[in-house]
Structures are given as structure tokens and as C-alpha cells.
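Right, one structure below, let's go through it.
The values are calculated or read from the model by the stated rules, or taken from the named source; none is laboratory data. In this text the structure is predicted, and so the values were computed from the model without any measurement. Reconstructed Cβ throughout: ideal geometry from the backbone, glycine too, with neighbour counts over all protein chains shown.
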Amino acid sequence: MTTGLRMRIIHRYLGFFLAGIMAMYAISGIIMIYRNTDFLKSEKITEQQLKPNLSTSELSGALRIKGGIKPEKTEGNIIYFKQGDYNTKTGMATLKKMELPFILDKMEHLHKATTNSPVYFLNIFFGLSLLFFVISSFWMFMPQTSVFKKGMYFTLGGIVLTIILLFV
């Protein structure tokens with residue numbers, strides 16, 4: 001069996017095997033483009049009982065708000081900030097958070113997995129599989145065919161586009 005035939009066979013069955021996860025990564029990747037907007041998100045309001053009279057730095061730590069809390073206004077005992085409000089007398093904090101629907105949120109978290117995630121090795125496997133697809137695609141057609149030669153022009157165009165996008 002030739003190397004080209006082996007590559008085509010592995011490429012074909014690996015492609016079938018990874019069709020679902022490739023679709024998931026495509027969908028979550030598109031959704032992540034809009035992560036700084038409220039696209040597809042709904043508001044979730046939670047209340048949390050904290051100690052009274054916390055400073056803004058203590059409050060941001062207790063509520064686990066990155067970047068700290070910047071009070072927008074204060075009315076009586078209530079401090080209003082971008083993410084919600086805090087009653088300094090009672091210690092009750094109300095948080096407003098925009099969240100994706102459950103399945104889209106799970107897809108996004110898988111897409112952004114780090115070594116802290118229990119399934120990060122799947123992301124490594126998927127990345128290596130995509131790299132294999134890139135390499136094995138050059139064995140799909142015989143080098144002397146016109147399809148292969150045209151494919152090389154498209155490859156060159158894709159490389160140039162990638163370089164341009166890296167520096168834009």
C-alpha cells in the first residue's frame with residue numbers, strides 16, 4: 001500500500017470520525033467572535049449575601065469580578081456598578097450577568113479549554129488531527145494532475161491571506 005493511499009484512507013475515516021467535533025468547533029468559533037456583545041445571551045440575575053460595609057476591592061474579590069468594581073453611583077446604602085449593586089448596610093449583592101444558552105456555553109468552554117480542563121487532551125488530539133488534515137490533503141491527488149497543480153495555487157493564496165491576516 002502506498003503512502004498516498006494510506007494518507008487518503010486515514011484522512012477519510014478520521015474526517016468522518018471528527019465531523020461532529022469539527023461542527024462544534026466551527027459553531028463555537030463563530031459564536032466566540034461575538035463574545036463581547038450580548039448576541040444570543042440572556043440576562044441571569046443572582047443574589048449573594050456578603051458581609052456589610054465591604055470596600056470596593058473587597059467586594060470585587062468576594063464577587064470574583066475581574067478588573068475590579070467601579071461604582072457608577074451611590075443612593076443611600078446601595079452602591080451601583082456595571083455588574084449589579086451592593087447594599088452596604090445588609091451586605092446583599094445583586095449581580096446581573098449575560099450568559100449563553102447552556103449547550104452553547106458548554107461548547108465555548110470546550111473551545112477555550114486550558115490545561116486546567118479535564119478534557120484538554122482532546123483539544124490537543126483535535127489540533128493534531130487538523131494538522132494531519134492539512135498535511136494529508138497534499139496526497140489526495142497525484143502531483144502531475146491539473147487538480148493538484150491548481151490546488152497549489154489555492155494553497156499559495158491561502159498562505160498569503162494568512163500572512164496578511166496575521167499583520168492586520
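A few comments on the model shown:
- In region 131-144, the residues that are touching a residue at least 12 places away in the same chain (Cβ under 8 Å) reach residues that are surrounded by 14 or more Cβ atoms within 10 Å (Cβ to Cβ) with C-beta atoms within less than 6 angstrom, at least six apart or across chains, in these pairs: Ser136/Met7; Ser136/His11; Trp139/Gly4; Trp139/Met7.
- Verdict on Ile21 being assigned by TED's automatic domain parsing to the domain that holds Met142, in a helix (DSSP H, G or I), hydrophobic (A, V, I, L, M, F, W, C) and at pLDDT below 95: yes
- Single residue of Leu104, Leu40, Leu95 found to be touching a helix residue (DSSP H, G or I) at 6+ places or on another chain (Cβ under 8 Å), touching a residue at least 40 places away in the same chain (Cβ under 8 Å), closer than 30 Å to Ala23 by Cα and not in a loop (DSSP other than H, G, I, E, B): Leu104
Rundown of residues vs (1) at pLDDT 95 or above; (2) of a type in the set (Lys, Arg); (3) part of a helix (DSSP H, G or I), yes/no style:
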position	(1), (2), (3)
Pro118	no, no, no
Gly127	no, no, yes
Phe133	no, no, yes
Val147	no, no, yes
Thr162	yes, no, yes
Leu165	yes, no, yes
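- Residues of region 52-92 satisfying the condition of being part of a loop (DSSP other than H, G, I, E, B), of a type outside the set (A, V, I, L, M, F, W, C), under 29 Å from the mean Cα position of the chain (by Cα) and surrounded by 12 or more Cβ atoms within 10 Å (Cβ to Cβ): Gln83
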